[in-house]
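Take a look at the structure below.
A short reminder: the numbers here are calculations on the coordinates, not readings from a lab. Nothing here was measured: the structure is a model prediction, and the numbers come from that model. Ideal geometry is used to build each Cβ from the backbone, glycine not excepted, and the neighbour counts take in all protein chains shown.
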Amino acid sequence: MKPLHTLLGAALACAAATPAFAYNVIDCMGTPMKWGANNVTFRASTTSFPDGYWRNGIQRTIDLVNQNPTPFWYSLISDTGGVGLNNGQNETWGSTDANVLQGAPAIAYWWDSCYWFFGVVAQRNESDVIFDYNAPFQWTADELKSSLIRYTGTKRQLQGTGIHEFGHAMGLLHVNTEYNVMGADFEHIWANGTTARGYLGEDASDGAVRLYGLWGNNYQDVSAAHWKYSYANGEYSRHVKTGVFTTAGVALPTVTVNGETGYRVNKGQQVQVEFTYENNGEATQVVNTGWYVSSNDIISTSDRLLATNTGMSLGRGDVMTYRRTVTIPSDLVSGRNYWLGTIVDKDNTVADAVRSNNATYIPIRVN
């Protein structure tokens with residue numbers, strides 16, 4: 001997760017630029033540092049990512065980074081030869097070399113040019129992304145919630161951490177002020193049912209727009225998550241699960257539901273349920289959002305609708321964690337587990353490129 005910030009071949013030092021929004025990029029004399037082209041090819045080591053499960057996992061990581069509202073995208077090809085730092089190729093591989101890894105589970109290196117030659121020259125020249133393959137460190141390339149740390153598993157997801165590192169390669173720096181994959185990536189997750197995965201998210205997408213501009217191809221994506229910003233830990237934002245509260249804003253008593261934190265509620269009780277909403281696309285969207293109660297952790301429009309917000313406005317540039325007051329139905333069964341959920345754009349009015357991330361949940365148990 002922690003990259004080594006490497007600048008080679010630059011005549012002038014570069015600094016992090018922090019705009020009004022949370023994303024951070026490298027600034028070179030007022031010009032953001034980025035690749036000179038909108039398509040960058042990475043070479044994946046066939047030793048570290050053999051065909052099948054692991055090769056599919058690193059390709060999925062690239063695909064998830066490419067889900068952004070800019071014209072920038074990565075291509076991935078196989079690298080059957082040797083890999084190395086600063087060798088003129090953009091490469092990704094796994095390593096056990098402590099000198100390369102610098103104590104991080106994964107690390108990104110980059111080499112930039114920053115100088116004046118009848119104008120500012122600010123260009124990324126090369127980047128490498130390396131994953132820690134030391135035992136007992138464990139990765140998973142699946143998208144099963146049960147595999148992941150912060151749920152009931154013990155593994156770190158290749159996709160989530162990879163998005164963070166390839167975000168660095170794109171030109172993004174760490175963020176510690178907002179819910180963001182460039183903070184603690186293993187706590188920046190979309191989940192519904194048994195599925196959980198990392199994603200680029202609103203703030204990193206906004207940073208990508210700062211670097212590469214808007215695609216202009218009507219790329220739209222709104223999403224909902226049961227994670228939110230918690231605090232700054234050095235350069236990193238740390239995130240926690242969203243919760244359920246009294247109408248006075250006091251967190252309800254908790255209970256473990258299928259290995260996750262749930263909340264005890266009473267029949268007929270009014271509660272505030274909290275979720276995070278993001279616009280990862282090109283344009284501001286005004287959508288209808290629903291809140292539901294379900295007998296399982298798969299939230300869909302077939303579940304029981306508790307409340308609707310019409311005309312919720314989601315603009316790219318400000319992650320929104322929002323609490324909605326709902327009433328727990330009086331006919332729920334005491335002692336049984338249920339799930340409070342939300343669906344953003346419940347009426348499917350947005351031409352959403354990634355509709356699967358529109359719904360998520362929080363467990364409850366009825367007293």
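Based only on other Cβ atoms within 10 Å, what is the fewest-to-most ordering of Cys28, Cys114? Could you put the intermediate results ahead of the total?
Details: Cys28 26, Cys114 21.
Final ranking by Cβ density, sparse to dense: Cys114, Cys28.
Relative contact order, whole percent, for the chain stands at 16, derived from Cα pairs under 8 Å and 6 or more residues apart. Normalised by the residues of segment 15-217, what does the relative contact order come to in percent, with Cα pairs under 8 Å and at least six apart? Here the relative contact order equals 26 percent. For segment 261-332, the set of trypsin sites (Lys or Arg not before Pro) satisfying both a DSSP loop assignment and a count of at most 14 other C-beta atoms within 10 Å is given as Lys267. Selection among Asn180, Asn288, Val83 by position relative to the dipole of the chain gives Asn288 as farthest towards the positive end (Cβ unit charges, Cα centre). Per-residue ellipticity at 222 nm from helix content only, as computed over the chain with -39500 (n - 2.57) for each DSSP H run of at least four residues, stands at -3500 deg cm²/dmol.
Lysine pairs in the chain whose alpha-carbon atoms fall under 19 angstrom of each other, counting only those eight or more residues apart or on distinct chains, come to 6.
Output the antiparallel fraction of DSSP beta bridges having both residues in the chain, as a percent to the nearest 5.
Here the antiparallel bridges make up roughly 75 percent for the chain.
Taking all C-alpha pairs of segment 50-117, those more than 14 Å from each other amount to 71 percent. The chain gives an Rg/Rh value of 1.00, both radii derived from C-alpha positions and Rh following Kirkwood. In a reduced charge model with +1 at each Lys and Arg Cβ and -1 at each Asp and Glu Cβ, segment 80-210 shows a dipole moment near 240 debye about its Cα centre.
Rg over Rh for segment 240-366 works out to 0.97, using Cα positions for both radii and the Kirkwood form for Rh.
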